[in-house]
Amino acid sequence: MKHSNSNNSLVQKCLCVCILRPEILWLSRSPRKMSKSNRFPLAVLAVFAFFTILLQARQPAPDAPKEDYIRAHYTKYEFRIPMRDGKRLFTAVYVPKDAVAGPYPFLMDRTPYNVGPYGEDQYPQHLGPSEEFEKSGYIFVYQDARGRWMSEGDFIEMHPHIDDKKSPQDVDDSSDTHDTIDFLLKHVPNNNGKVGIWGGSYMGFYTSASIIDSHPALVAASPQAPMTDLFLGDDAYHGGAFMLSANFGFYSHFPIQHGPQTPKPTVRFDFGTHDSYKFYLQAGNIDNLDKLYLKGSSWLFNDQAKHDTYDAYWNARDLSRHMKNVHCAVLVVGGWYDAEDLSGPYKTFYAINKFNPQTPTTLVEGPWIHGGWDFTDGDTLGDINFNSKTAEYFRVHIQFPFFEHYLKGKGEAQPKAVVFETGANVWQSFDAWPPSAVLPKTLYFRAGGKLSFDPPTEEAGVDEYVSDPNRPVPFVGYITDTVSPRYMVDDQRFASYRPDVLVYQTEPLEEDVTIAGPISPRLKISSSATDSDFDVKLIDVYPDDYPDPDPGLHGNNHMIGAPPVHMGGYQELLRGEPFRAKFRSSWEKPEPLEPGKQTEIDFTMSDIFHTFRRGHRIMVQVESSWFPLTDRNPQTFTDIPSARPEQFQKATEQVFRQKDAASGVQVLVMPN
């Protein structure tokens, strides 16, 4: 359409409806959409937009859109790169137009979510991990993973790595990356012979899988929140409990494709309510979610839900056991508050160090949600303030220098661990993770709801509660239709008031206590049921006189608006995990509880690095449901996905706190 200065043209602009292509949030650095509560009536918006455009017509021309910068400085090429088995993978390559400043290194991203926009005359708004890279001089490479979008082949969920490849038909993501790099080095001129790769979440998996048996030209990689072992702590299962809401919410709209194709608009699943607690409770068991809603349309969801033990399906997809022959420098990135792939960064970091001790490997952990280091400032989460733009610090001072160092020879290497200390809100560097100075200590459950580093001395002591799977403990104290990332730091007072939640807390601390590393509950329990969950939460309790974020608030008298946030007595969740008791001896072969018999429940939760400040309290909560974050345990030893309504039964749970059967949580404490 030709440009026009007529009023009709202005009106057309005002009434134009912009349809945004759905994107995975990870890939976008654009402003977030306006919430429903902030929307004006359409007519008001139309009038406002009309006069806004009239005013803009009199203003100087704005800066060129970002897309124009990319188009002006890069030339785009599209390749269908042949793999050793004859399949071709669609690859978009962006080459700097300034040939004199070269040669340039490659920086690659492999994804199942599409590398659009497609077409050599179509350009994205951004290139690379962050804005710093766009002006620094890189050849950017984006590839549709095998079997996704415009790439040929079959898509296999977390394609298992093949250690011993016996023929050209034995392909995996390591071989696909190797063949891609070979092609790029030969067919893209003005490169310096060095390749870097990065990606987060599913792209983090592709990054990790790509560096096994590294191509000689691959010199730097950054797997970020990498999916590593879906059953043991990443997206699918935690402690043997199915991560219900997150998985159904994702796979209900994850497109299943057959053959190469470009993306088409997708319609997200309509829950019919904003109350996910109500939706999943009314659905009944997991099988009903497929029967009533998916109707066989998502084999991926069924794969996740039906493989509910650590069987051959999951064993083959544990990438950590294959992280060998990694010859490139690695920057492993994770977030303390990642609700999706919390354990992946640690398993990847530890595995690379174990199998490749000479490989430069750095662990970075910050106060971020899933991918928050990429698309947020990282200064707040929920009601918690971290007092600085931690994500910006990471992008500018950690991620960018890492690739500049290994791909261009600039600057210095990173320390072994660069981690953000929550509570104190400062960055720290260590030569090992966990820090070598930490000492193991146990926070013991004591009588009267006390928590202490001193073990119990009583000959007998037990606390009990009744768990009802038909009235499960919610994972948040508000209505939501999704897994809100902020739940990872949410106030837990709503749960502490329930009779089916045990609460233990210390006296106000007389000095700071800093915990660095994994959290390990050690419980002595008995149950009237043949199976139960035991969910354990570690919490920072603020002093009652802690100031509110809005100092002008004085009580709630005559409150007519949204309730204010009161930080006095706030119970900030730091780490919480479920554990399904039938897996207490083996992930592969679950066994029932013997009703009334005392047994041990020992497990490990992902790391934290947090300082409980003087005057705060340390709290631990224990419950037997966390719904619908996790699926309900019917509390009968049965096939949970197909459990019948009558199999969901109440159970009396006992937690012992006596001299010969002490329960508590083991932590690693930094010396003062």
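The values are calculated or read from the model by the stated rules, or taken from the named source; none is laboratory data. Here the structure is a predicted model, which is why all the values come from computation and not from measurement. No Cβ is skipped: glycine too gets one built from the backbone with ideal geometry, and neighbour counts run over all protein chains shown. Areas reflect the complete protein model, heavy atoms only, side chains present, ligands, DNA and RNA absent. Shrake-Rupley method; radii C 1.70, N 1.55, O 1.52, S 1.80 Å.
Looking at 529, 516, can you tell me which residue is closer than 25 Å to residue 386 by Cα and either touching a Pro at 6+ places or on another chain (Cβ under 8 Å) or at pLDDT below 95 (or both)?
Of 529, 516, the one residue that is closer than 25 Å to residue 386 by Cα and either touching a Pro at 6+ places or on another chain (Cβ under 8 Å) or at pLDDT below 95 (or both) is 516.
Can you find a residue in the range 316-337 that is under 17 Å from the mean Cα position of the chain (by Cα), under 30 Å from residue 490 (Cβ atoms) and assigned to a loop (DSSP other than H, G, I, E, B)?
yes
Could you tell me whether residue 581 is hydrophobic (A, V, I, L, M, F, W, C), open to solvent by 10 Å² or more (accessible area, probe 1.4 Å) and on the phi < 0 side of the Ramachandran plot?
no
Show me the strands (runs of 3 or more DSSP E) entirely contained within the range 409-450 in which 1 or more residues are over 23 Å from the mean Cα position of the chain (by Cα). Before the answer, list the steps.
Values: elements: 417-421, 426-430, 439-446.
By residue number, 426-430, 439-446.
Within the range 293-335, which residues are open to solvent by 40 Å² or more (accessible area, probe 1.4 Å), more than 20 Å from residue 201 (Cα to Cα) and in contact (Cβ under 8 Å) with a residue 24 or more places away in the chain?
Those that are open to solvent by 40 Å² or more (accessible area, probe 1.4 Å), more than 20 Å from residue 201 (Cα to Cα) and in contact (Cβ under 8 Å) with a residue 24 or more places away in the chain: 293, 297, 299, 306, 307, 311, 324, 325, 327.
So, in the range 458-502, how many residues would count as being within 22 Å of residue 652 (Cα to Cα) and either modelled with pLDDT under 95 or among the polar types (S, T, N, Q) (or both)?
Of the residues in the range 458-502, 3 are within 22 Å of residue 652 (Cα to Cα) and either modelled with pLDDT under 95 or among the polar types (S, T, N, Q) (or both).
Can residue 375 be described as open to solvent by 10 Å² or more (accessible area, probe 1.4 Å), in contact with a Lys or Arg (Cβ under 8 Å, 6 or more places away or on another chain), in contact (Cβ under 8 Å) with a residue 40 or more places away in the chain and not acidic (Asp, Glu)? Lay out the reasoning, then the answer.
Numbers: open to solvent by 10 Å² or more (accessible area, probe 1.4 Å): yes; in contact with a Lys or Arg (Cβ under 8 Å, 6 or more places away or on another chain): yes; in contact (Cβ under 8 Å) with a residue 40 or more places away in the chain: yes; not acidic (Asp, Glu): yes.
Here the answer is yes, as residue 375 does meet what is asked.
Look through 141, 195, 115 and report the one residue that is buried (at least 21 other Cβ atoms within 10 Å of the Cβ) and touching a Cys at 6+ places or on another chain (Cβ under 9 Å).
195 is the lone residue from the list that is buried (at least 21 other Cβ atoms within 10 Å of the Cβ) and touching a Cys at 6+ places or on another chain (Cβ under 9 Å).
Being outside any strand (DSSP E or B), in contact (Cβ under 8 Å) with a residue 12 or more places away in the chain and open to solvent by 20 Å² or more (accessible area, probe 1.4 Å) narrows it down to one of 595, 563, 634, so name that one.
Exactly one of 595, 563, 634 is outside any strand (DSSP E or B), in contact (Cβ under 8 Å) with a residue 12 or more places away in the chain and open to solvent by 20 Å² or more (accessible area, probe 1.4 Å), namely 595.
Restricting attention to the range 254-266, does a residue exist that is within 21 Å of the chain's Cα centre (by Cα) and not basic (Lys, Arg)?
Yes; the residues of the range 254-266 include at least one that is within 21 Å of the chain's Cα centre (by Cα) and not basic (Lys, Arg).
So how many residues does the range 503-532 have that are under 20 Å from residue 653 (Cβ atoms), in a strand (DSSP E or B) and open to solvent by 20 Å² or more (accessible area, probe 1.4 Å)?
4
So which residues in the range 256-311 are under 22 Å from residue 471 (Cα atoms) and either assigned to a loop (DSSP other than H, G, I, E, B) or basic (Lys, Arg) (or both)?
Matches in the range 256-311: 271, 272, 273, 274, 275, 278, 284, 285.
Out of curiosity, is residue 355 modelled with pLDDT of 95 or more and surrounded by fewer than 21 Cβ atoms within 10 Å (Cβ to Cβ)?
It is true that residue 355 is modelled with pLDDT of 95 or more and surrounded by fewer than 21 Cβ atoms within 10 Å (Cβ to Cβ).
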